[in-house]
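A short reminder: the numbers here are calculations on the coordinates, not readings from a lab. What you are looking at is a predicted structure, and each value in this text was computed from that prediction instead of being measured. All Cβ positions, even for glycine, are placed from backbone atoms using ideal geometry, and neighbour counts span all protein chains on display.
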Amino acid sequence: MALATLKQVLEMASATLTAVPMFNIDNIEIPDAVVPVAEKYDCPLIFGVGQGAIKAGKLYYLRDVVYRIADQTSLPIVLHLDHGASLEQAVECMDAGFTSVMYDGSHGPFEENIAVSKKVVEYAHARGISVEAELGAIGGVEDGVSSDRKNLVDVEEVKEFISRVEVDALAIGIGNAHGLYKAAPNLDFDRLRQCQALNPPPLVLHGGSGIPKDMIQKAIELGIRKINVATELRNAFMEGLEKSVHKRDIYAMYQAGAIEAAALAETKIRMFKRLDEI
Ligand code: 13P
């Protein structure tokens, strides 16, 4: 099936009051393992190609993998650039056939974020491609421990940003961070409520690894429609590899990794679809 856009799958999520998972991908095996699970739950998927994969030279390989996978399933699949670093990188991905790009200007000055996001949107929307922007930089493991209350989006900036840039999704920092949390995450739900009251485009929660189910489901209830998961999925796959390394059989190892990755994806899909609500 032809790839879907982010806008399309977020509309589905908004209609069902659920969130669509974005799983970061780095190889063939992980997306291959995730699709059958998503099919079981009729869950649209966003596959994110991140900066690590791009630095490793995998942009075009992963593009091809996602196109091939999408051909073999009837599920809506989105090919998305995660944390796009520049207008040029976003354009390269769009020209390569991505159906969604994120431009992350959250680390720079606000006006620059607006100016570049606008250019990305202009290029993208002329081609039917979706755009995600970010406000309130979401940190990494080193600097982003959630209980530090860092990375909190400024609600006034959200108001201004969405009045000036027509993005299809907006990632906001509400105490979430990439990587595994050192202390229990402390999401600022009041801030999320205030953002949602502005009638924004669908909101995105990065750093989905390690956020407990009750917090995830509360965030979805308050308007989060896309949740990114990378670390836990990679770790699950690598655990499978580790457990089976004694076999000295690369396909047996991939299979063991795929089983673990599929199990992790199933947990997240059930959580994001609020199937076993707390
Ligand atoms: P985690 O690695 O914490 O799951 O975060 C993934 C992410 O937000 C990618 O953009």
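With r as the distance between the Cβ atoms of Arg193 and Arg164 and R0 = 22 Å, compute the FRET efficiency 1/(1 + (r/R0)^6) and round to 0.05. Write down the numbers at each step before the final one.
Values: r = 23 Å, r/R0 = 1.02.
That pair, Arg164 with Arg193, gives E of 0.45.
Excluding Met238 itself, calculate the net charge of residues whose Cβ lies under 12 Å from the Cβ of Met238, where each Lys or Arg counts +1 and each Asp or Glu counts -1.
Working: positive: Arg234, Lys243; negative: Asp26, Glu29, Glu232, Glu239, Glu242, Glu260.
Here the count lands on -4.
Subtracting the Cα-Cα distance from 0.36 nm times the residue separation, let me have the gained length for Ile250 to Leu180 in nm, one decimal. Before the final figure, lay out each step's value.
On the way: separation 70, 0.36 × 70 = 25.20 nm, distance 2.78 nm.
Here the answer is 22.4 nm.
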Note on segment 1-89: alpha-carbon gyration tensor, axes a ≥ b ≥ c; rule is a/c under 1.5 for rounded, else prolate if a/b larger than b/c, else oblate; result oblate
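Using the Kirkwood radius built from alpha carbon pairs, what does the Stokes-Einstein equation give as D for the chain at 37 °C and 0.692 mPa s, in µm² per second?
On the way: Rh = 18.6 Å.
So the translational diffusion coefficient is about 176 µm²/s.
Which of the peptides 223-233, 241-251, 62-72 is most tightly packed, and how do the rest follow, judged by the mean count of other Cβ atoms within 10 Å per residue? Please list the in-between numbers first.
On the way: 223-233: 24.0, 241-251: 12.2, 62-72: 17.3.
Top to bottom by mean Cβ count within 10 Å: 223-233, 62-72, 241-251.
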Could you please state, rounded to a whole Å, how far the C-alpha centre of segment 176-240 is from the C-alpha centre of segment 34-111? 19
When the chain is fully extended, how far beyond the present Cα-Cα distance does Ala56 get from Glu221, taking 0.36 nm per residue of separation? 55.7 nm
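How much length is gained on full extension from Asn27 to Lys40, taking 0.36 nm per residue of separation minus their Cα-Cα distance? Mind showing how you got there, number by number?
Numbers: separation 13, 0.36 × 13 = 4.68 nm, distance 2.20 nm.
Full extension from Asn27 to Lys40 adds 2.5 nm.
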Going by average Cβ density within 10 Å per residue, which order do the peptides 80-89, 20-29 take, highest to lowest? 20-29, 80-89
Hey, rough spin-label estimate for Asn235 and Glu277, points 7 angstrom out along Cα→Cβ, what's it come to in nanometres? 2.8
Which residue, chosen from Ile30, Tyr41, Thr18, occupies the Cα position most advanced towards the positive end of the dipole of segment 1-50, where the dipole is computed from +1 (Lys, Arg) and -1 (Asp, Glu) charges on Cβ about the Cα centre? Thr18
The farthest towards the positive end of the charge dipole of segment 1-153, of the residues His125, Gln89, Val66, given +1 on Cβ of Lys and Arg and -1 on Cβ of Asp and Glu, is His125
Using a Förster distance of 25 Å, how high is the FRET efficiency between Glu112 and Leu152, based on the Cβ-Cβ distance and rounded to 0.05? 0.80
